[in-house]
Amino acid sequence: MKQLICLGIESTAHTFGAAVVTGDGKILSNERYAYTTEKGGIVPADAAEKHSQVCGKIISDALAKAKKSIKDISLVSFSQSPGLGHCLRIGGMAARSIAAIYSKPIIGVNHCIAHLEIGRLATKAKDPVLLYASGANTQIIAYEGGKYRIFGETLDIGVGNFLDIFARHMGLGFPGGPKLYELSLKSKKFIHLPYTVKGMDVTFTGLLTNLQQKFDSGKFSKEDLAFSTQETAFAMLVEVAERAMAHTGKKELLLGGGVACNKRLQEMCRIMCKERGAELFVPPNDLLIDNAAMIAWQGILQFNSGERMKIEEAGVKPYLRTDGINVGWR
Ligand code: ATP
Ligand code: FE2
């Protein structure tokens, strides 16, 4: 049988991406454009406009890098859920147009699940608990009873947005995560901060307000605040990840999302895993951040499991949750 070659399209929020991946899991290309703003957060309509501008070029770049033409593509997949409606619709529209014009099968996939599956492909983790720590999302996800269940999550903002808002408040610019990390290396002084774990869930806005007040008081250095921010927020994530591992009896922890690029978060997870005789799996940075390779791979998994989608059924679902998907490929 001819090998599947999938063109995947990602457009849930900041990133518009296109990638070409083969049925046996080779990533032939993984192109992206990331929308950023000088001040304030993402404006969905502006991001979507930018995505529309770059969409054609990113898709042709992905095909060119992979040395494929559109006729070599046997499947088109795209991020169908969850995300910002404005942004999702650009990727959905591109995928549906390509599928209709060139008569290709189309598969819409869940972005959060794609983070987990590309991690399994890249690291060979078998049945991990995923700590998905990105800008908008913070979830602890694991497979149980035919679905990817959410064992814990943020009750307000994602950990990445929290880091970015605080970094902006201190005048560090965007994205804030890497800037806070650099500053944190210059301090070992821990300032006590609010620590909010509620059962299996976490919250960040109380911590954010407290940090902003501390910074505004002028009594604390940026370095000490950056260090203490990471120690506190990441300890919360490690605690809920560990509890999910204890609850499910799983022996693997997998990282996903842009914040998981942070070396200190990786180190804290490694220590926790070592203490409980578990293994930590960390995909390379370009597969941790939002990317289209994971969308292509997820499309292949679903297509190979027999899933088919009509163009009329390929509408975007901005609010569909991780546990709303039936997992037919495991
Ligand atoms: P999603 O749509 O999945 O919520 P997103 O659009 O916010 O994702 P990601 O690329 O997954 O995008 O994550 C971006 C976040 O990752 C930003 O908040 C950024 O500050 C953070 N980040 C990136 N690199 C690092 C790093 N080295 N340390 C800490 N945070 C980082
Ligand atoms: Fe993501």
For residue 321, other-chain or 5+-apart residues with amide H closer than 5 Å (H placed, Pro excluded) are none
Rounded to the nearest 10 degrees, the helix 111-123 long axis (Cα) sits at an angle to the longest Cα principal axis of the chain of 90 degrees
Of the listed links 186/263; 214/274; 39/222; 188/263, those spanning more than 23 angstrom between alpha carbons are 214/274
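Taking N as the number of residues in segment 228-294, what is its Cα Rg relative to 2.2 N^0.38 Å? Let's see the in-between values first.
Values: Rg = 12.1 Å, N = 67, 2.2 N^0.38 = 10.9 Å.
So the Cα radius of gyration is 1.11 times the expected 2.2 N^0.38 Å.
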Filtered hits (aspartates and glutamates, Cα-Cα < 14 Å from residue 310, offset >= 8 within chain) -> none
In terms of the charge dipole of segment 145-256, which places +1 on Lys and Arg and -1 on Asp and Glu at the beta carbon, the residue among 249, 204, 232 farthest towards the positive end is 249
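Treating the beta-carbon of each Lys and Arg as +1 and of each Asp and Glu as -1, no other charges, what is the dipole magnitude of segment 125-285 about its Cα centre, to the nearest 20 debye?
Working: 20 positive and 17 negative charges, 53 e Å.
Charge dipole of segment 125-285: 260 debye, to the nearest 20.
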quick note, the chain, DSSP beta bridge pairs, % antiparallel (nearest 5) is 60 percent
Given the candidates 131, 109, 121, the one whose Cα lies deepest towards the positive end of the charge dipole of the chain, counting +1 at each Lys or Arg C-beta and -1 at each Asp or Glu C-beta, is 121
Mean Cβ-within-10 Å packing, highest first, puts peptides 206-216, 246-256, 111-121, 303-313 in the order 111-121, 246-256, 206-216, 303-313
Residue-normalised value, i.e. accessible area per residue, for segment 7-104 at 1.4 Å probe, in Å², stands at 43 Å²
For segment 125-285, percent of DSSP beta bridges that are antiparallel (nearest 5) comes out at 60 percent
Working note, segment 125-285: Cα radius of gyration (Å, one decimal) and Dmax (Å, whole number) are 15.4, 52
In whole Å, largest first, the alpha carbons of segment 78-163 cover along the principal axes 41, 31, 23
Each label sits 7 Å from Cα toward the beta-carbon; between residue 156 and residue 182 the label points are separated, in nm, by 2.8 nm
Listed by chain and number, the aspartates and glutamates with an alpha carbon less than 17 angstrom from that of residue 104, same-chain partners under 8 positions apart left out, are 72, 307, 312, 313
Asserting the computed 222 nm helical MRE of the chain (DSSP H runs at least 4 long, -39500 (n - 2.57) per run, divided by residue count, to nearest 500) equals -14000 deg cm²/dmol
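Considering every Cα-Cα pair within the chain, what fraction, in whole percent, is farther apart than 32 Å? Present the calculation step by step, with values, prior to reporting the outcome.
Values: 15469 of 54285 pairs.
Of the Cα pairs, 28 percent sit more than 32 Å apart.
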Taking N as the number of residues in segment 151-195, the ratio of its alpha carbon radius of gyration to 2.2 N^0.38 Å works out to 1.29
For the chain, the percent of accessible surface on carbon and sulfur atoms (probe 1.4 angstrom, ligands and nucleic acids excluded) is 54 percent
Relative to the chain, whose Cα atoms define the longest principal axis, helix 205-217 and its Cα axis are tilted in degrees, nearest 10, by 50 degrees
Plugging the Cβ-Cβ distance of residue 3 and residue 192 into 1/(1 + (r/R0)^6) at R0 = 51 Å yields, to the nearest 0.05, a FRET efficiency of 0.35
Of 69-76, 123-130, ordering from highest average Cβ density within 10 Å down gives 123-130, 69-76
Whole-Å distance linking the alpha carbon centroid of segment 255-330 with that of segment 138-215 is 20 Å
A chain fully extended from residue 36 to residue 330 at 0.36 nm per residue, minus the present Cα-Cα distance, gains in nm 102.2 nm
accessible surface per residue for segment 125-285, probe 1.4 Å, DNA/RNA/ligands not counted, whole Å² -> 41 Å²
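Just need the Rg to Rh number for segment 210-322, please, alpha carbons only, Kirkwood Rh. Write out the running numbers ahead of the final one.
Details: Rg = 19.1 Å, Rh = 17.4 Å.
Across segment 210-322, the Cα-based Rg/Rh ratio is 1.10.
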For residue 57, the lysines lying under 18 Å Cα to Cα, once residues fewer than eight places off in the same chain are dropped, come out as 65, 67, 68, 71
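The values are calculated or read from the model by the stated rules, or taken from the named source; none is laboratory data. On a predicted model such as this, the values are computed, not experimentally measured, just so you know. So basically every Cβ, Gly included, is an ideal-geometry build from the backbone, and we count neighbours across all protein chains shown. We work out accessible area using only protein heavy atoms, side chains counted, and drop any ligands, DNA or RNA first. Shrake-Rupley method; radii C 1.70, N 1.55, O 1.52, S 1.80 Å.
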